[in-house]
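Colleague: Here it is, the structure, as C-alpha cells.
Every number here is computed from the coordinates shown, using simple stated rules; none is lab data. Bear in mind the structure is a predicted one, so any value in this text is a computation, not a measurement. Glycine gets a Cβ as well: all are built from the backbone with ideal geometry, and neighbour counts include every protein chain shown.
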Amino acid sequence: MLTPPELVWLIAAVAKGDEAAFERLYAATRAKLFGVVLRILRRQDLAEEVIQEAYVRIWNNAGQFNPGVSSPITWMTSIARNRAIDVIRKRGEVSIEEEPTAMDVAADNPDPLARREMTEELKRLLECVGRLEPDRQKLVLLAYYNGWSREQLAEKFSAPVNTVKTWLRRSMMDIRECLGLA
Amino acid sequence: MAYSEDHIALAAEYVLGTLDATERAQAEVMMAADADFKALVEVLDQKFAVLNQMVGSVEPRDEIWEKIRAAFGLAGAQQPLVLPCDSSAPVAPEAPTVAAAEKSADASNVVALSQETRRWRSVARVASALAAALLVLFGIQLAQPDWLPESLRPKPRVKIVQVQAPAAPSHAQYVAALRKDGGGPAFILTVDASTWDFTVRKIDAPPEQGKSYELWLISDKLGAPRSLGVVGESDFTARPVLASYDPGIVKDATYAVTVEPQGGAPNGKPTSAPVYTGKLIETVPAPSR
C-alpha cells in the first residue's frame, strides 16, 4: 500500500488525465475497495460491476477530491461503498435467511493488519459508537459494514421496521453529537 | 444553512446506508443541487468511512482492470444507451457489461431506424418512472439563490445569458435530475415557472472531446424531440427557451441529453440515443421552513 501522500499525488495526476497514475492508483487500492463492496453485495459478479463503476467515477471526479477533507483511501472506499449500497437497495430486499453468511457482525473478522494500524480517526469513531447501548452498536455496525436495510435489521433484531428506523436515527444523532458535528 | 432534524437524519442515514432506493435518490438530488447539504453528508461520510479500515482486502480478478480500461475508451461516448423497455420492473436491470456496450456500439452503425424510434419512446417511460420515484421532499434547497452565484464563480466563460438570481420564489420551481439508468444525476435542470427560464447545471458528466451535449424536450404532443440547445460546456448554462412552449407540455415532458457533433445536432434532430434523461418535479418548501 502506498502512503497517503503518494495517493494524494496520484489522484491529482489522475485529475489531469494521467492514465499511468490511474493504473498505479488502481493497483494500490483495488483490493481494499473490492473487499468493501464484496462484503455488502456478497456476489462476485455484482461486486465486479460496482468496482468498475466506482473507478470510472473516481476517474471522472478526481478533480473534486479535497485532501483537506478526507484521506485518499477514505474518499475512494466511500465512493465504492455508496455505489454498492445503491445497487443493493435497487435490487430490493434479500431475506437474511437466504444469506446465512451475513449473520455475523462485521467487526468479528476485521483485517488483523488493519487493527494494528488503527488510526486516531477510527479510534475516535469507535469510541462514539461504543457509547451507544450494545444492541445499538451492533445495529449501526451491521448497517454500515453489511449494508443491511431497515427491514433486514428489523428481522435480525425482532423489532418493527419503524422502531428500527427510530433507533437508527437516534443512534446517528448521538454519534454526530459525540463527534462534535451537531 | 440551518437544516431541520429531518434533513440531518436523511443525511445521516444516507451515510449509514439504511435509506431505501427512493430516499437515496432524494438525498442524491439534494446533494447535487445544494452544496451545503452535500457538505453535511460528506463530513459525516468521511468520519464513518474510516470503519472500512477494518474490512479485509480481497483481490479482484485481473480482467476487471481491462474492463475499466475499456470503459474509458467508451466513457460517455456515443455508444447508444439501450434503455430497458419495462420501466415498471422493481428490480434494477443489470448494468450492461462493458463488452456488451462495445458490441452495441458496433451494431449502432447499422441500427434500424425503427429501433431508434422505439428507444426514444422507451426513454419517456423510463423517465416517468424515475420522476415518480423522486417525489418532493427536497424542495427548497433548489430554489435557494445562494447556489447560483457560487456555481457561476469558478467558470467565467459561461456561454450564455443573463442569470437573474431568483428572489425567494413565491411561484413554482421545477427540477429534474437527468441521469443514466441507475446512475447518479449527471445534469440538474431547474425551471422557473414565473419566466420559464431554465438552468442546467453539469454535475457528473465526463467531458466530451470534439462532441457536445445537447438537451432535448420530448413530448407526445410535439412528436419529434425539440432541441433546447447545447449544454454542459461550462458547469452552468441558463437559457430562456421554454417560454415558447405550452406550460403543460413543459411540465410533463421528458428531458434528455444526447451526445452530438460539436456545436449540436446539425439538422435539429438528435443523431444519437439519449444518454441522460429525467422529468420535472415540482419542488415545495421543506416542512420546517
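Colleague: By how many degrees, 0 to 90 and rounded to 10, does the Cα axis of helix A:120-130 deviate from the longest principal axis of chain A?
Modeller: With rounding to tens, the tilt is 10 degrees.
Colleague: So if I place +1 on the C-beta of Lys and Arg and -1 on the C-beta of Asp and Glu, and nothing else carries charge, what would the dipole magnitude of segment A:1-92 be about its Cα centre? I want it in debye, nearest 20.
Modeller: On the way: 13 positive and 9 negative charges, 100 e Å.
Dipole size: approximately 480 debye.
Colleague: Moving to a separate point now. Starting from the Cα-Cα distance between A:Thr166 and A:Glu6, subtract it from 0.36 nm times their residue separation and give me the gain in nm to one decimal. Mind dumping the intermediate values first?
Modeller: Details: separation 160, 0.36 × 160 = 57.60 nm, distance 4.19 nm.
Result for the pair: 53.4 nm of gain on full extension.
Colleague: With each pseudo-label sitting 7 Å past Cα toward Cβ, what's the B:Ala39-B:Ala243 distance in nm, one decimal?
Modeller: According to this spin-label approximation, the distance is 3.5 nm.
Colleague: Sketch the reach of a paramagnetic label on B:Asn267 as a point 7 Å from Cα along Cα-to-Cβ, and name the residues of segment B:217-253 whose backbone nitrogen lies under 16 Å away.
Modeller: B:224-227
Colleague: Report the Cα centroid-to-centroid distance between segment B:175-194 and segment B:24-69 in angstrom, as an integer.
Modeller: Comparing the Cα centres of segment B:175-194 and segment B:24-69, I get a distance of 21 Å.
Colleague: For B:Lys211, list the lysines whose Cα falls under 19 Å from its own Cα; do not include residues on the same chain fewer than 8 positions away.
Modeller: Those lysines meeting the cut-off are B:Lys159, B:Lys180, B:Lys202, B:Lys269.
Colleague: What's the FRET efficiency of A:Ala31 with A:Lys123 using the Cβ-Cβ distance as r and R₀ = 22 Å, to the nearest 0.05?
Modeller: Working: r = 24 Å, r/R0 = 1.07.
About 0.40, to the nearest 0.05.
Colleague: Continuing with this model, one more query. Label points 7 Å out from Cα along the Cβ direction at A:Glu177 and B:Asp252: separation in nm?
Modeller: Label-label distance for A:Glu177 and B:Asp252, simple model: 5.0 nm.
Colleague: So which lysines pass the test for B:Lys221, namely a Cα distance under 16 Å, with those fewer than 8 places away in the same chain ruled out?
Modeller: The reachable lysines, counting only those whose Cα sits under 16 Å from B:Lys221, are B:Lys251, B:Lys279.
Colleague: Can I ask one more? Could you work out the relative contact order of chain A? I mean the mean sequence separation of Cα pairs under 8 Å and 6+ apart, divided by the number of residues, in percent. Please list the in-between numbers first.
Modeller: Working: 145 pairs, mean separation 36.7, N = 182.
It rounds to 20 percent for chain A.
Colleague: Would you mind ranking B:Trp65, B:Trp216, A:Trp59, A:Trp148 by Cβ crowding within 10 Å, fewest neighbours first? Write out the running numbers ahead of the final one.
Modeller: Working: B:Trp65 17, B:Trp216 24, A:Trp59 20, A:Trp148 27.
Listing B:Trp65, B:Trp216, A:Trp59, A:Trp148 from fewest to most nearby Cβ atoms yields B:Trp65, A:Trp59, B:Trp216, A:Trp148.
Colleague: Give the Rg/Rh ratio for chain A, taking Rg as the radius of gyration of the Cα atoms and Rh as the Kirkwood radius, to two decimals. Mind showing how you got there, number by number?
Modeller: Working: Rg = 17.4 Å, Rh = 17.8 Å.
For chain A, the value is 0.98.
Colleague: Restricting to DSSP H runs of at least four residues, report the calculated mean residue ellipticity at 222 nm for chain A, -39500 (n - 2.57) per run over all residues, nearest 500 deg cm²/dmol.
Modeller: Working: 9 runs with 126 residues, N = 182.
Taking each H run of at least 4 residues, the total per residue is -22500 deg cm²/dmol.
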